[in-house]
Amino acid sequence: MPKPVFDHKAIETTLQKKWEDAKLYETNLADTSKEPYYLLFEFPYPSGDLHIGHWYAYAITDIYARLLRMKGKNVLFPIGFDAFGLPAENAAMKQGANPKEWTLANMEKMRGQIRSIGASLDWSKEVVTCSPEYYQWTQWLFAKLYEHKLAYRASASVKWCPKDQTVLANEQVTDGKCERCDTEVVEKKLTQWFMKITDYAERLLSDLDELPWREEIKEAQRAWIGRSEGAKLLFPLGACTVEADPIEVFTTRPDTVFGATYLVLAPEHPLIESLLACIGNEKEVRAYRDATARKTERERSENKEKTGVQLEGIMAVNPATKKEIPIYVADYVLASYGTGAVMAVPAHDERDFEFAKKYDLPLIQVVQPTDGIFREPITNPNYVPYTGNGTLINSGKFDDKENFKVFSDIIEFAGGERTTNYRIRDWLVSRQRYWGCPIPIVYDPEGMPHVIPAEHLPWKLPEDVDFSPTGKAPLASSKELHERVERIFGKGWTPEYDTLDTFVDSSWYYLRYLDAKNPRAFSDADAMRAWLPVKRYSGGSEHTTMHLLYARFFHKALYDLALVPTAEPFQERYNRGLIMGPDGQKMSKRWGNVVNPDEMLEKYGADAVRMYLAFIGPYNEPGHYPWKLDGVEAMRRFIDRIYQLSERVADGEVSSVLQKALVKANVKIESDSDRFKFNTALSALMVLVKELETMESVPASAWSSFLIMLAPFAPHLADHLWETAGNEGSVHSAKWPEADIELLNEDTATVTVQVNGKRRGEVTLSSSATEEEARTAAFELPAVAVLLAGGEVKKVIYVQNRIINIVMG
RNA sequence: GCUGGAGUGGCGGAAUUGGUAUACGCGCUAGUCUUAGGAACUAGUCCCUCACGGGUUGCGAGUUCGAGUCUCGCCUCCAGCACCA
């Protein structure tokens with residue numbers, strides 16, 4: 001007779017409908033009788049193709065949501081769509097679709113696919129960033145930031161993606177390429193909208209210390225913010241026919257200023273233009289400037305050989321030595337960092353050394369190493385620049401002092417000031433694309449920007465638009481938008497054509513979940529007080545220096561405007577791993593290794609897919625996991641074994657052995673799940689099932705406890721068996737069994753016996769056995785006795801219930 | 001190059017945080033059932049050895065009664081940053 005199997009096709013969708021009809025997962029945010037727990041994952045972009053990775057994101061966090069609910073927490077587990085963005089526009093151009101319709105259709109399709117995995121999501125709070133109900137508040141918040149000078153318009157050299165025909169934020173450029181399409185970016189000087197994230201650099205950095213995030217994530221953010229302490233020093237110009245301010249440099253090594261033998265300006269340094277008139281080699285300098293302007297930053301850094309041109313006929317004065325030193329323009333100095341000018345200390349800086357060698361510039365050693373290690377002297381051709389600490393020489397009155405002890409004194413002596421510099425640049429938020437949130441700004445006839453008053457929000461995205469990207473923002477082609485602006489603001493007024501980067505939309509969506517339908521405010525103050533910060537936030541590693549940084553900035557800015565009650569948005573952060581194709585490669589149509597999620601569900605069922613994903617590895621660290629059918633089949637077997645086990649359920653007493661097994665599983669599932677280690681939690685469940693399988697009949701009460709523990713992992717199977725076992729309601733409304741840890745205290749314990757640290761056997765002792773008793777028992781072991789005869793016992797180490805180690809001479 | 005994280009069976013990964021290394025699962029081997037199975041079930045499965053034994057957590061040292069876990073040095077992989085002054 002064939003064994004019965006779990007008929008997932010018939011059962012899973014029926015149960016999902018039942019849960020939804022019962023509104024089982026709609027969280028009452030005002031319910032204060034239970035402790036709130038805000039569990040969040042990064043909301044999806046509606047690309048239209050659901051990836052197994054989506055389920056990995058939702059189904060595995062769902063395990064925890066279900067567990068917490070059964071443990072009596074009021075759990076907020078919401079979902080929405082990050083619905084503005086480029087792919088919609090690209091599809092529009094390719095297939096002639098309308099970006100809005102394309103997006104809405106994809107969302108509808110994905111809602112069904114997401115639902116089919118059986119996650120306990122609260123859809124009633126769904127947030128869609130491209131809906132006017134949402135983006136009016138993105139605009140409102142932008143206006144707030146603008147009023148407080150945290151959003152501003154400025155001309156700057158920015159990164160431009162030639163393929164996507166839009167500017168990009170620095171964070172969206174990896175290795176000189178567009179994050180999205182991998183095209184090499186170029187620099188352009190453009191007037192754009194920025195957010196003043198640099199104002200928050202220090203707090204974004206120092207507040208990391210208090211966050212219980214993985215060091216990896218925190219370090220990546222620290223590196224991105226890139227704080228360095230140093231000084232600003234002024235180098236006045238020598239004789240020159242034009243009146244010019246001193247050249248300001250930033251240095252982290254003011255202690256080496258006596259060794260600065262030349263200055264270098266970045267090719268884009270504004271001073272060069274005003275000096276061109278009084279330098280001897282104007283043509284040459286212009287030519288060099290133009291040549292570097294044509295290169296991308298990447299091309300500049302790839303060129304290992306340093307290049308530059310001296311500004312002839314003009315000198316700067318070293319403020320420490322008062323001596324005149326030459327000035328160069330060279331592209332190894334970046335205009336975007338510090339002051340765009342550096343003092344070169346070739347004796348103690350590798351880059352300056354390289355440049356000085358090429359152009360035969362003088363080296364002055366000012367730091368003498370004191371570590372006693374032999375190094376080539378500076379007069380030797382093999383000299384390598386020494387960048388460490390030591391004793392100062394050739395430094396006037398600072399000679400013989402330790403360099404790091406006189407930092408401040410030297411800065412003062414040279415007339416400079418201490419400063420801190422950050423690598424991070426202001427966040428560029430405007431995009432020359434259609435499918436994004438319109439920037440709520442209009443320009444008066446003089447071209448001055450004005451924020452659009454709140455009564456005109458949502459400032460709607462026009463529909464009569466030519467999407468094709470020409471480098472000019474598509475919104476410029478809208479007749480309706482022009483008419484709207486003139487109608488409301490007057491003749492000669494013009495709209496802002498750029499839209500906001502989607503990362504602006506996603507910087508506050510977790511606030512909107514708390515009051516998703518509110519037409520009067522972006523969120524509810526009481527709800528924010530009760531629910532923020534988000535307790536646990538799960539997402540992808542790729543967002544460490546993008547979304548995660550932006551959202552922290554945005555939140556802090558709102559905090560300063562008293563709009564949110566906490567300084568940080570997310571308490572805990574977990575970066576999830578990646579589900580790869582069966583071949584271990586990233587799933588891609590190009591490799592033909594894309595796993596169709598719907599087929600998996602059809603064949604194995606949602607519970608098997610869920611459990612496979614849970615078991616694949618620890619969820620609290622980002623690994624790369626190939627999708628293996630063998631693994632899914634194993635979970636399918638496990639499900640059927642449980643299903644078959646249900647036929648043995650009968651009335652009866654729960655033995656103490658079984659009781660212990662239940663408690664053990666309970667404790668492990670709880671503690672492992674708290675650490676997002678669902679793989680080991682599930683293994684505890686497997687051990688318990690093995691235990692149950694050894695029994696002729698499974699007592700009904702033990703079976704119910706088991707089903708509750710199974711419920712987070714296999715919600716359909718558990719609820720179905722809960723019902724067939726004759727229980728009331730849904731297993732998902734049941735209470736998690738209280739673990740009686742006392743039961744785990746065994747009367748006896750197996751104690752390992754070691755001689756000189758080597759395992760020689762084990763003895764079973766009462767768990768309260770004294771050292772004396774353990775010793776006696778251990779000495780009686782034949783394997784031990786043999787060794788005892790050959791020597792003298794020097795020491796005995798006894799760890800109760802664990803180990804006894806006999807140390808012999 | 002700098003910074004951070006990590007190296008455990010054929011594979012994904014366990015190890016109460018210093019106390020029986022390899023849980024759980026995959027794969028593999030043998031068997032049972034079957035006309036057959038790439039189904040299901042049962043048993044075995046770190047390495048060397050017929051065995052007795054011995055060895056094993058990237059490599060080498062150290063601390064300790066005892067080290068996968070702590071310390072130091074090296075190697076390798078992953079990630080972030082990278083001409084950042």
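Taking the stretch A:717-734 as the range and being under 14 Å from A:Leu24 (Cα atoms) and either without any contact (Cβ under 8 Å) to a residue 60 or more places away in the chain or crowded, with 17+ Cβ neighbours inside 10 Å (or both) as the test, the residues that pass are A:Asp719, A:Gly729, A:Ser730, A:Val731, A:His732, A:Ala734. Looking at the structure I just gave you, is A:Tyr643 within 12 Å of RNA strand B (Cβ to nearest atom), more than 20 Å from A:Glu12 (Cα to Cα), open to solvent by 10 Å² or more (accessible area, probe 1.4 Å) and of a type in the set (Phe, Trp, Tyr)? Against the criterion (within 12 Å of RNA strand B (Cβ to nearest atom), more than 20 Å from A:Glu12 (Cα to Cα), open to solvent by 10 Å² or more (accessible area, probe 1.4 Å) and of a type in the set (Phe, Trp, Tyr)), A:Tyr643 does not qualify. The residues of the stretch A:164-180 that are within 13 Å of RNA strand B (Cβ to nearest atom) and assigned to a loop (DSSP other than H, G, I, E, B), listed by number, are A:Ala169, A:Asp175, A:Gly176, A:Glu179.
I'd like to check something: does the stretch A:724-743 contain any residue that is at pLDDT below 90, within 14 Å of RNA strand B (Cβ to nearest atom) and closer than 17 Å to A:Ile797 by Cβ? No, that holds for no residue.
Counting only strands (runs of 3 or more DSSP E) wholly contained in the stretch A:222-308, the ones carrying 1 or more residues that are away from RNA strand B (no atom under 13 Å from the Cβ) occupy A:227-235. Has the stretch A:487-504 got any residue that is open to solvent by 10 Å² or more (accessible area, probe 1.4 Å), touching a strand residue (DSSP E or B) at 6+ places or on another chain (Cβ under 7 Å) and either part of a helix (DSSP H, G or I) or basic (Lys, Arg) (or both)? The answer is yes; a qualifying residue exists. When A:Ser228 is tested against (1) of a type in the set (Ser, Thr, Tyr); (2) in contact with a Gly (Cβ under 8 Å, 6 or more places away or on another chain); (3) open to solvent by less than 50 Å² (accessible area, probe 1.4 Å), only condition (2) is not met. Considering only the stretch A:9-32, I want to know if a residue exists there that is under 22 Å from A:Leu629 (Cα atoms), open to solvent by 10 Å² or more (accessible area, probe 1.4 Å) and free of Cβ contacts under 8 Å to residues at least 60 places away in the same chain. No, every residue in the stretch A:9-32 fails to be under 22 Å from A:Leu629 (Cα atoms), open to solvent by 10 Å² or more (accessible area, probe 1.4 Å) and free of Cβ contacts under 8 Å to residues at least 60 places away in the same chain. Within the stretch A:735-754, residues that are closer than 30 Å to A:Asp719 by Cβ sit with their Cβ atoms under 9 Å from residues that are of a type in the set (Ser, Thr, Tyr), at 6+ positions apart or across chains, in these pairs: A:Pro737/A:Ser704; A:Pro737/A:Ser705; A:Leu743/A:Ser656. Quick check on the stretch A:668-684: of everything there that is more than 10 Å from RNA strand B (Cβ to nearest atom) and surrounded by fewer than 21 Cβ atoms within 10 Å (Cβ to Cβ), which residue is farthest from A:Glu746 (Cα to Cα)? Ranking the candidates gives A:Asp674 first.
Listed by first and then second residue, the pairs linking a residue in the stretch A:634-650 that is without any contact (Cβ under 8 Å) to a residue 60 or more places away in the chain to a residue that is open to solvent by 30 Å² or more (accessible area, probe 1.4 Å) and within 11 Å of RNA strand B (Cβ to nearest atom), with Cβ atoms under 8 Å apart and 6 or more places separating them unless they lie on different chains, are A:Met635/A:Phe615; A:Phe638/A:Met686; A:Arg641/A:Glu693; A:Leu645/A:Glu693. Checked against the criteria, A:Pro46 does not count as touching a Phe, Trp or Tyr at 6+ places or on another chain (Cβ under 9 Å) and surrounded by fewer than 21 Cβ atoms within 10 Å (Cβ to Cβ). Within 16 Å of RNA strand B (Cβ to nearest atom), under 25 Å from A:Asp672 (Cα atoms) and buried (at least 17 other Cβ atoms within 10 Å of the Cβ), is that true of A:Tyr38? Considered against the rule, which asks whether it is within 16 Å of RNA strand B (Cβ to nearest atom), under 25 Å from A:Asp672 (Cα atoms) and buried (at least 17 other Cβ atoms within 10 Å of the Cβ), A:Tyr38 comes out as no.
The set of residues from the stretch A:757-809 being open to solvent by 90 Å² or more (accessible area, probe 1.4 Å), within 9 Å of RNA strand B (Cβ to nearest atom) and in contact (Cβ under 8 Å) with a residue 24 or more places away in the chain comprises A:Arg760, A:Arg802.
Any residue at all in the stretch A:454-475 that is surrounded by fewer than 19 Cβ atoms within 10 Å (Cβ to Cβ), at pLDDT 95 or above and over 16 Å from A:Pro132 (Cβ atoms)? The answer is no, given that none of the residues of the stretch A:454-475 is surrounded by fewer than 19 Cβ atoms within 10 Å (Cβ to Cβ), at pLDDT 95 or above and over 16 Å from A:Pro132 (Cβ atoms).
Of the helices (runs of 4 or more DSSP H) lying entirely inside the stretch A:623-727, those containing at least 3 residues that are among the hydrophobic types (A, V, I, L, M, F, W, C) and touching a Lys or Arg at 6+ places or on another chain (Cβ under 8 Å) span A:678-693. Just wondering, is there one or more residues in the stretch A:145-160 that are assigned to a helix (DSSP H, G or I) and more than 24 Å from the chain's Cα centre (by Cα)? Yes: one or more hits. Of the residues in the stretch A:535-542, at least one is under 17 Å from the mean Cα position of the chain (by Cα), in a helix (DSSP H, G or I) and modelled with pLDDT under 95.
The values are calculated or read from the model by the stated rules, or taken from the named source; none is laboratory data. Here the structure is a predicted model, which means the values were calculated and not measured. Positions of Cβ are generated from backbone atoms using ideal geometry, with glycine treated the same way; all protein chains shown enter the neighbour counts. All accessible areas refer to the heavy atoms of the entire protein, side chains included, with ligands and DNA or RNA removed. Shrake-Rupley method; radii C 1.70, N 1.55, O 1.52, S 1.80 Å.
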